[in-house]
Amino acid sequence: KMAAAAGAGAAAGLWSEVNRCGQNGDFARALKSVNKILQISKDDVTALQCKVVCLIQNGNFKEALGIINTHTKVLTSDIIAFEKAYCEYRLNRIESALKTIQGASQQTDKLKELYGQVLYRLERYDDCLAAYRDLIRNSQDEYEEERKTNLSAVVAAKSTWENVVPEDLGLREATYELCYNSACALIGQGKLSEAMKKLQKAEELCRQSLSEDSDVTEEDIEAELAIIHGQMAYIMQLQGRTEDALQLYNQIIKLKPTDVGLLAVIANNIITINKDQNVFDSKKKVKLTNAEGVEHKLSKKQLQAIEFNKALLAMYTNQADQCRKLSASLQSQSPEHLLPVLIQAAQLCREKQHAKAVALLQDFADQHPANAAEIKLTMAQLKIAQGSVTKACMILRSIEELQHKPGMVSALVTMYSHEEDIDSAIEVFTQAIQWYQQFQASQTRGANPKSPVHLSLIREAANFKLKHGRKKEAISDLEELWKQNPKDVHTLAQLISAYSLVDPEKAKVLSKHLPSSDTMSLKVDVDALENSHGATYVRKKAGKLTGDNQQKEQGQGEVKKKKKKKKGKLPKNYDPKVTPDPERWLPMRERSYYRGRKKGKKKEQVGKGTQGSTTAGSSELDASRTASSPPTSPRPGSAAAVSATSNVIPPRHQKPAGAAATKKKQQQKKKKGAKGGW
C-alpha cells in the first residue's frame, strides 16, 4: 500500500509537469514526463494519448502512428481518430486518412476540418467545397478567415483544373491569400489582365501585412512573395512576354525558396520556354522537378505535364531510348491521352521511320475513336511531309465530324487543286453543302433557310467552278445564291456570264434584271478624289492668269498644236527592196535561226601569255599565221596595249629581249653563293 501511494504521488507530480510543459509549448520535455508515467502504468489511456500528441507536435508522425497501431485495444477509434488520421495525412497516406475519418463514430469539428483538407488533396473538389461551406456555416471562432481562404482555393482549383466557371462566393478580399486565390480562378477562365491586377493587389497586401512585424526581414518578405511572383511570370508567359517571364522565373530561383512544389513548377515552365533551344539549361532545370516530395505538392495534371516535358526534352537531346521509356510509361498511366502517342510518333519521325509513326497513330485511332480526329490530323501532316498529298486528303476526309467545317473544306480543296484533281475538290464542296442542307432541314422542320456559312460555301463552290471552266456546274450554285438574294448584282452578273456560253437566250432574259446604267452610276467627287492624300496623280489647281502670263500660256498652246511628229530614222544599210527581218525585235538567242556560238571560238580566245596578258588582237600578233616567220611564242606583255586602229607596238611598251633571261641568271648565281638559310 505504501509503494502504491508513493507511485500515485510520483505520478501526480509528473502529470503536473506534463501540464506545465504543454502550456509552455515544451513538448520534448513533456514527452519525457509522459514516458515516466507510462513506466508506472503502461496502459494508461490518457498518458498514451498525451504521448501521441507530444510526438505529433515534435513532428514524429511515424512514431506516433506506430504507438496508435500497437495499442489499438486501449486507443480506440473514438478516442484517437483525429490523431491517427492527421498522422496518416502528414505521412501522405491520403486514402488511409480518408478511411479513418469516415470510420470515426463521431464527426467532430477537427475531423471535419481535416476531412476538407483530405478531399482537396484527393482532388475531389465538389465534395471539398460542400465540406467547407458546412464548416463556415456551423462554426464561429477565430479560424473563420482561414476557412474562407481554403474555400476560395477550392474554387480556384475547380476553375484551373476542371475548367469550371467559378461562382461568386461574395468573399471580401481583405488578405493577400484571398486575392491570390481569386487571381488563380481568373487565370483558369483566361482573364489574364484581370488576374495580373489581382496579383499586384495581393503583392501590396502581403508587403503591408508582413512589414507590420518588426522581426520580418526583406528577405522573408521576398520569400513569401515568391509564389505570387511565380504566378505573375506564368501570366507573362501565357501573354507571349517570354523574356519578362524568364527573367522573373530566374529571380525566384535565385532566392532558393523552400517550397519544392513552386521550384518544380518554375523549372518546368522555363523548360517550356527553352523548347529545343538551350537544352543544357533545361537539363539543369529538370533536376528541380525530381526533388523529394514534389509529387505530394502538385496536382495530377501538373505532375503529368512535367513528365510530358521530360519526354520531349529527351527527344530534343537525342536520347531516343529515354524518350521511348518515358512516353511508354505515360501511356500506361493514361492510355487515352494523346500526348504520349504523339511524342512516340515524333521520335520515330526524327529517326526517319515515317511508316512506323503512321502505323502507331492508326492503331491508337482505332483503339480510341473519341480522340481519332486529332490523331488523323497528325497522320495527314506526316503524309504531306512525305509528299503523299492524295493519301493525306483521304485521311482528312475520313474525319466525319470535321468534313463540313469551312477550314477543312478549304484545306482539302487547296490540296486537291495542287494535285490538279478538280473533280475531287468539287466533290468536297458538294458533300459539305449537302451536310448543311440536311442539318438545317432537321433544325427548321422542313424549312429551307440558308445559314451564312452555308451560303459562303455555295459561293466559294461557284467561284471555284467558274475559275476552272465548269460553268455548267456553277450555274446551279449561282441560281441558288441569286434566289436567296435577288438584289445581289454581282451574283447575277456571274450567272449571266455563265449562261452566255451555255444558253445565250437565257442570258438575255436574265440581263433584263440588271439595273439601268443611271441607277448604277456612282456619285463620286472626282476633284476630291484626285486631291486626296492617297492619290498618285494630283491635278494642279488652275490659278488666275492675267496679262503676259495668260498670253504665254496661249502661245505655248499654239506652239504645241503646230508641232509635227518626226519621222523615224532608218538604218544606213536600209534597202527598201528587201523585206525587213520579222524577228529583228527579238534578242538573238530567241530567234528561230539562232544556232549558238561555234565550238572552236572559245579555244582560240584562250590567252597563251603570262599572267596578266590579254587576248585582244592575238590573231593579228600571232606570227605563226604568216608564211615568212617561224612559229614562236609571244613575248610577255606583247599584247598589253594594242590600239584599235594599229598593230604597231609603241617602243616604250616593249621589253628588252634578254631582260628576263639576265634576271633569271642573276637569281641563280645568288642562290649558289648563299651559305645561310632563313
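The values are calculated or read from the model by the stated rules, or taken from the named source; none is laboratory data. Note that this is a predicted model, so its numbers are computed, not measured. Note that each Cβ is placed from the backbone with ideal geometry, even for glycine, and that neighbours are counted across all protein chains shown. SASA here: full protein model, heavy atoms, side chains in, ligands and nucleic acids out. Shrake-Rupley method; radii C 1.70, N 1.55, O 1.52, S 1.80 Å.
Could you run through region 387-398 and say how many residues are surrounded by 13 or more Cβ atoms within 10 Å (Cβ to Cβ) and at pLDDT below 85? Within region 387-398, residues that are surrounded by 13 or more Cβ atoms within 10 Å (Cβ to Cβ) and at pLDDT below 85 number 0.
For region 27-63, the candidate set comprises residues that are of a type in the set (Asp, Glu) and open to solvent by 60 Å² or more (accessible area, probe 1.4 Å); within that set, the residue that is modelled with the highest pLDDT is 63.
Can you tell me which residue in region 298-343 is farthest from residue 379 (Cα to Cα), limited to those that are among the aliphatic types (A, V, I, L, M) and open to solvent by 30 Å² or more (accessible area, probe 1.4 Å)? Show your work before the answer.
The first filter runs over region 298-343 and keeps only residues among the aliphatic types (A, V, I, L, M), leaving 298, 303, 305-306, 311-315, 320, 326, 328, 330, 338-339, 341-343.
From what is left, the residues that are open to solvent by 30 Å² or more (accessible area, probe 1.4 Å) are 303, 305, 312, 326, 328, 339, 342.
On the way: 303: 28, 305: 23, 312: 19, 326: 22, 328: 20, 339: 14, 342: 10 Å.
Looking at the filtered set, the residue picked out is 303.
Return yes or no: is residue 199 within 21 Å of residue 259 (Cβ to Cβ), at pLDDT below 90 and open to solvent by less than 40 Å² (accessible area, probe 1.4 Å)? Answer is no for this residue. Screening residue 423 on (1) surrounded by 13 or more Cβ atoms within 10 Å (Cβ to Cβ); (2) assigned to a helix (DSSP H, G or I) shows it passes everything except condition (1). Residues that are under 19 Å from residue 112 (Cβ atoms), without any contact (Cβ under 8 Å) to a residue 24 or more places away in the chain and among the acidic types (Asp, Glu) within region 46-94 comprise just one, 88.
Is there a residue in region 505-524 that is modelled with pLDDT of 75 or more, on the phi < 0 side of the Ramachandran plot and loosely packed, with under 10 Cβ neighbours inside 10 Å? Looking through region 505-524, at least one residue is modelled with pLDDT of 75 or more, on the phi < 0 side of the Ramachandran plot and loosely packed, with under 10 Cβ neighbours inside 10 Å. Do you know which of the residues in region 469-502 that are among the polar types (S, T, N, Q) and assigned to a helix (DSSP H, G or I) is farthest from residue 458 (Cα to Cα)? By that ranking, first place goes to 500.
Yes or no, residue by residue, for (1) among the polar types (S, T, N, Q); (2) open to solvent by 50 Å² or more (accessible area, probe 1.4 Å):
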residue	(1), (2)
65	no, no
73	no, yes
78	no, yes
103	no, yes
108	yes, yes
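Across region 262-297, what is the total count of residues that are assigned to a loop (DSSP other than H, G, I, E, B) and either open to solvent by less than 30 Å² (accessible area, probe 1.4 Å) or among the basic types (Lys, Arg) (or both)?
First pass over region 262-297, keeping only residues assigned to a loop (DSSP other than H, G, I, E, B): 275-278, 287, 291-293.
Narrowing the set further to residues that are either open to solvent by less than 30 Å² (accessible area, probe 1.4 Å) or among the basic types (Lys, Arg) (or both) leaves 275, 287, 293.
Residues flagged as assigned to a loop (DSSP other than H, G, I, E, B) and either open to solvent by less than 30 Å² (accessible area, probe 1.4 Å) or among the basic types (Lys, Arg) (or both) within region 262-297 amount to 3.
Residues in region 298-337 that are touching a residue at least 40 places away in the same chain (Cβ under 8 Å) and part of a helix (DSSP H, G or I): 300, 301, 306, 309, 313, 316.
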